[in-house]
Amino acid sequence: MGFRSRLALPYWRCGNARSERRRNALHLKAKMTPYVSTEVTTSFELDQFQKDAIAVIDRGLSVLVSAPTGSGKTKVAEHAVAVALRAGRRAFYTTPIKALSNQKFHDLIDEYGKEAVGLLTGDTAINGDAPIVVMTTEVLRNMIYARSSALDALDWVVLDEVHYLQDSSRGSVWEEVIIHLPKYVRLVCLSATVSNADELGEWITSVRGPTEVVVETKRPVELDNWYLVADRLDDGLALIPTLNDGKPDRRGHQYDIDPRDRARGGRRRYSTPGRVEVVELLAERSMLPAIFFVFSRNGCDEAVTSCTRAGLSFTTPEERTRIRQIAESHVEELTDEDLRVLDYGRWLDSLERGIASHHAGLVPPFKEAVEQCFVEGLVRIVFATETLALGINMPARTVVIDKLTKFTGDGHEFLTPA
């Protein structure tokens, strides 16, 4: 992946480059002063990569942090926010999806209080003048092109999931933000999957100034990879590890389609297991809660319906009461007619069983209720599109991927680590 810019400067920047440079210089002179350390207090010892990244921030430089999921990258971002507040300045925390923005919004409120934190997404605007504002990346891009005065007091921007630069449809948004943000703004770029961190760091340095790269490779949570198929002959499920001693499990070859069977039009012995069967297996093996990725909205909703029709339920009476309280608190602004149209009763019934879907087709109150229930350990299985694939802190013990291919609009492509 290369990072040569594909973008031309907007016309208003081309025609006013001298004044733009003057404005940046004034801000740099006023604000690029040495920082007093404002390390975020923690109840645990920081890892070395966190200490290294925080030291870069204290020197007033941008930083790119590449570290595995669950390793604590967010602690670095929180330090940049604290630095901005200590200086009486502002910090923006950007994410690629609304669900992640909502979660970061509530996390920061817990830390700093409602008055200090705002949220700006495509369908929500809360306290947008706050010193800390969480937003989707497109919102920040629009602010830049509108020359919003909100940028004048801005010191730090967190770009969560910065590997979105590689996305064919939305990557240009991240590129535009990195290139066109005022030069006095520093960046904290976070990613768990960017594979060429040094190259990306060099590119950011070339367009914004000194940017240091901090890489951590140690996983704090071990991942066990399994392969599950349905055996039509034995009328059961076969679950095997994908790797043995770091090498592909040879038993996996027996599940491949035999070309001779295909040519004869014969019935395959092995097939993709049904979603209800999978959930039942996970429950039997104490592998819940789980996120079950199904790459279509209808597929997610159909999976929930299948589970409820099969009589699956994973909650106690006390948990069902708590789930109802959460759901009612999130839909209190909706009218009775709204709830009728949205089939609230059916949705609530499955939610109280500990079963839910999560995708872009759900109204925000439904999605937010599902997220809160999952975070509190009340929902055991969520069928989701990629809306839950990006950095959301959901305490899942297992992740199931329905297919290894996804329709992109032009055709089906194999999934990649990013």
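Please treat every number below as a calculation from the coordinates, not as lab data. The model shown is predicted, which means the values in this text are computed figures rather than measured ones. Cβ: placed from backbone, ideal geometry, glycine included. Neighbour counts: every protein chain shown.
Values computed for the structure shown
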| quantity | calculated |
| --- | --- |
| Above-threshold pairs, the threshold being 28 Å between Cα atoms, out of K75/K403; K114/K367; K75/K183 | K75/K403 |
| Cα Rg, Dmax (largest Cα-Cα span) when computed across the range 77-131, Å | 10.7, 31 |
| GluC sites (Glu not before Pro) within the range 273-362, DSSP loop, no more than 15 other Cβ atoms inside 10 Å | E332, E333 |
| Ranked by how many other beta carbons lie within 10 Å on average, peptides 359-365, 225-231, 155-161 from highest | 155-161, 359-365, 225-231 |
| The range 247-386: translational diffusion in µm²/s, Stokes-Einstein, Kirkwood Rh over Cα pairs, 4 °C, 1.567 mPa s | 77 µm²/s |
| Table column - 3J(HN,Hα) (Hz), the range 99-114, Karplus curve with 6.51, -1.76, 1.60, x for Gly and Pro | 4, 5, 4, 4, 5, 5, 4, 5, 4, 6, 4, 4, 8, 10, x, 4 |
| Zone residues, the range 190-224, relative to L61, backbone N less than 17 Å from point 7 Å out along Cα-to-Cβ | 190, 197-216 |
| Virtual spin-label span in nm between S149 and E318, 7 Å along Cα→Cβ | 5.3 nm |
| Ascending count of other beta-carbon atoms within 10 Å, so fewest first, for I144, I204 | I144, I204 |
| Spherically averaged projected area in nm², based on the convex hull that wraps the Cα atoms of the range 173-297 | 13.4 nm² |
